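Read the structure below first, then the notes.
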Amino acid sequence: MEGLPDTGLDTSSWTTGTLPPIADVVDINDLQIAAKNTLAAADYAYYRTAALDEVTYQANLFIWEKIRLNGYSFVDVSNSNLKTSILGYEFNAPFFIAPAAQAGRASSGAETNLVQAAGAAGILYVPSISSTQSIATIGAAAVSRQVMFHQEYIWSDQTRLQTELQEMEAAGFKAIFLTVDNTGVNGIRDRQMRFSAGGDAGHSATFTIDALNQLRNMTTLPIVPKGVKTARDVKLCADLGFPAVYISNHGGRVVDMAPTAVEVLLDVHRLYPEVFDQIEIYADGGVRRATHVLTLLALGARAVGLGRPFMFSNVYGEAGVTKAIDILTLELTTTMALMGQADVDEFRGNTSFINTHQVELEYYGAPLSIDTSSDPTSIKLVSSVGSTSTSRTTTSSSVSSVSSSATSSSATVSISSASSSSATHSTSSVSASPSSASSTLATSATSQTPSSSASSSTAAAAVNTATVSCPGSNSTTYTTNGLNFLIECGIDHSGGDLSSKSVSSFSACINACATTAGCVDVSLSGSACYLKQSVGQNVYNGVFGARLIA
Ligand SMILES: Cc1cc2nc3c(=O)[nH]c(=O)nc-3n(C[C@H](O)[C@H](O)[C@H](O)COP(=O)(O)O)c2cc1C
């Protein structure tokens with residue numbers, strides 16, 4: 001029922017209702033099993049519960065199985081750095097303790113345990129407004145120079161809201177995570193309802209932008225909306241001038257079937273990529289491993305929260321919370337070193353470390369643009385000709401051999417091609433730069449031609465009639481009439497229609513564009529080939545798309 005991975009934990013010597021030896025705990029999931037063994041059923045259910053059929057709760061836990069992490073060798077990883085600034089405050093790790101109510105159900109030390117473990121480790125803790133202890137008590141438990149933010153709900157009782165915000169400021173909290181997903185009501189949570197009526201009441205159902213602006217006048221602290229579940233709202237928060245936004249489905253406790261943070265971040269990449277430069281983004285949901293933290297960081301999150309794991313760890317008191325932090329820290333430094341990037345700052349927003357195509361295929365029906373996610377079968381190339389440089393991707397399924405000869409300063413990698421798919425790649429001389437932050441390779445020359453071409457040079461200025469199709473040719477480059485087109489299976493670009501014609505093949509459609517003045521993009525639907533003079537916003541409607549690239 002818990003759906004946790006089997007990592008060999010042996011509970012045969014444990015006594016139900018008694019805290020197991022902390023030494024038995026080696027990962028974050030073990031903490032949940034220990035908490036389930038120890039807590040009263042009602043308390044465990046309170047932490048564990050999620051909304052309705054818990055589809056989102058499960059999706060949060062299992063999305064990671066669809067991600068692949070790309071690790072790079074030949075990199076100096078001796079200097080590990082996990083330090084992360086969040087809203088300008090420096091912390092020792094990119095993960096934090098997310099706001100979760102009623103820590104006192106796990107330990108009499110309640111939130112104080114979390115404050116002190118977070119303070120000693122130098123990580124961020126954001127207590128919930130529905131905590132067991134008061135705002136003042138939690139604030140007073142802080143260790144010297146510890147920075148904490150506080151979570152708040154939007155109460156319909158404005159006086160309560162005003163009072164609590166003032167208390168948070170007075171108690172030394174530095175920012176407010178304003179939870180915006182409990183719009184008047186809590187999610188319906190069966191597991192919890194079997195024991196008690198539910199969570200806190202009194203949330204406002206009329207929280208409009210006007211109400212938000214009034215709330216902003218109630219505090220001088222920065223406000224970060226938490227519980228944003230769509231790219232549209234992420235963008236809205238950025239445009240409204242918030243310093244950060246927190247993507248969260250509340251651990252699956254509000255809207256069941258809401259998307260995971262991975263999916264929302266992909267949507268932001270797809271629809272509003274500028275947001276990553278506008279504001280900080282935090283994310284949570286189902287994070288149990290460093291690999292999950294790294295996935296969200298690579299997708300552009302600045303910091304990543306964990307809710308239940310820290311609640312469960314508190315059955316061991318402060319020692320349990322510290323153990324959870326230590327487990328994640330060790331996993332992070334280890335995984336990052338193994339992946340060839342020991343500095344978390346270089347990892348963040350670098351999609352070359354992750355392959356999210358399986359998620360994209362399920363979510364959008366086709367992988368996103370090569371610019372926004374990496375492909376396990378691709379090597380990202382930056383080709384430099386003279387002083388100009390362009391980005392390309394070459395598919396390594398087409399690469400039959402890679403040999404390298406190292407020199408004292410750089411490694412020269414020779415990629416020879418023999419394709420099993422529709423695209424072939426000419427032999428390229430590639431110079432690898434191991435110190436490159438984005439793990440891209442610099443190449444002095446690279447070219448790609450369709451499989452029917454005997455060589456790239458002969459194909460360059462001729463109209464090409466090679467077979468090109470979807471999904472087989474997706475993300476490859478099709479060269480015709482001396483022009484390169486990126487195949488974008490499933491992606492239609494809105495607007496910009498120039499003309500249309502009936503064609504018998506995808507290549508004929510692209511060829512028509514290549515020989516039509518002003519054409520930069522095509523969409524093929526059945527035999528209808530639409531030529532476009534501009535590349536509008538992506539629309540995912542299953543067409544065979546191709547757009548002119550450099
Ligand atoms: C027991 C529990 C209580 C929570 N209470 C709050 C809360 O008071 N305010 C809030 O914004 N989020 C609350 N959350 C949501 C967490 O902040 C966080 O978004 C979620 O737990 C992340 O998912 P995870 O538990 O899978 O890590 C709560 C979550 C849990 C499990």
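Laid out as a table, the results:
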{"quantity": "Dipole axis of region 1-74 (+1 Lys, Arg; -1 Asp, Glu on Cβ), positive-most option in Pro20, Gly71, Tyr57", "calculated": "Gly71"}
{"quantity": "Nonlocal amide H pairs with Val224, under 5 Å, H built at 1.01 Å", "calculated": "Ile176, Phe177, Leu178"}
{"quantity": "Gain in span if fully extended, Val75 to Asp157, counting 0.36 nm per residue against the direct Cα distance", "calculated": "23.9 nm"}
{"quantity": "From phi via Karplus (6.51, -1.76, 1.60), per-residue ³J(HN,Hα) for region 472-486 in Hz, x at Gly/Pro", "calculated": "x, 9, 4, 6, 8, 9, 10, 9, 8, 6, x, 10, 9, 10, 8"}
{"quantity": "Estimated FRET transfer efficiency (Lys501, Ser469; beta-carbon r; R0 25 Å; 0.05)", "calculated": "0.85"}
{"quantity": "Karplus 3J(HN,Hα) series, Hz, for region 223-230 with 6.51 cos²θ - 1.76 cosθ + 1.60 (x for Gly, Pro)", "calculated": "10, 10, x, 10, x, 7, 10, 9"}
{"quantity": "Among 222-228, 139-145, 253-259, 345-351, the order from most to least packed when residues are scored by Cβ within 10 Å on average", "calculated": "222-228, 253-259, 345-351, 139-145"}
{"quantity": "Hydrodynamic radius (Kirkwood) for region 456-550, which is based on Cα pairs only, to one decimal in Å", "calculated": "12.7 Å"}
{"quantity": "In Hz, Karplus ³J(HN,Hα) per residue of region 284-290 (6.51, -1.76, 1.60; θ = phi - 60°; x = Gly, Pro)", "calculated": "7, x, x, 7, 10, 9, 4"}
{"quantity": "Surface share of carbon and sulfur [accessible, 1.4 angstrom probe, percent] for region 290-345", "calculated": "58 percent"}
{"quantity": "Apportionment of accessible area to carbon and sulfur, region 456-550, percent (1.4 Å)", "calculated": "52 percent"}
{"quantity": "Per residue, in Å², the accessible surface of region 12-112 once ligands and nucleic acids are set aside, probe 1.4 Å", "calculated": "43 Å²"}
{"quantity": "Region 295-358 versus region 236-284: alpha-carbon centroid distance in Å", "calculated": "18 Å"}
{"quantity": "Exceeding the 21 Å Cα-Cα cut-off - candidates Lys501/Lys532; Lys83/Lys174; Lys83/Lys235; Lys174/Lys229; Lys36/Lys83", "calculated": "Lys83/Lys235; Lys174/Lys229; Lys36/Lys83"}
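The values are calculated or read from the model by the stated rules, or taken from the named source; none is laboratory data. Not measured: the values here are computed from a predicted model. So basically every Cβ, Gly included, is an ideal-geometry build from the backbone, and we count neighbours across all protein chains shown. Side chains included, ligands, DNA and RNA excluded: accessible areas come from the protein's heavy atoms. Shrake-Rupley method; radii C 1.70, N 1.55, O 1.52, S 1.80 Å.
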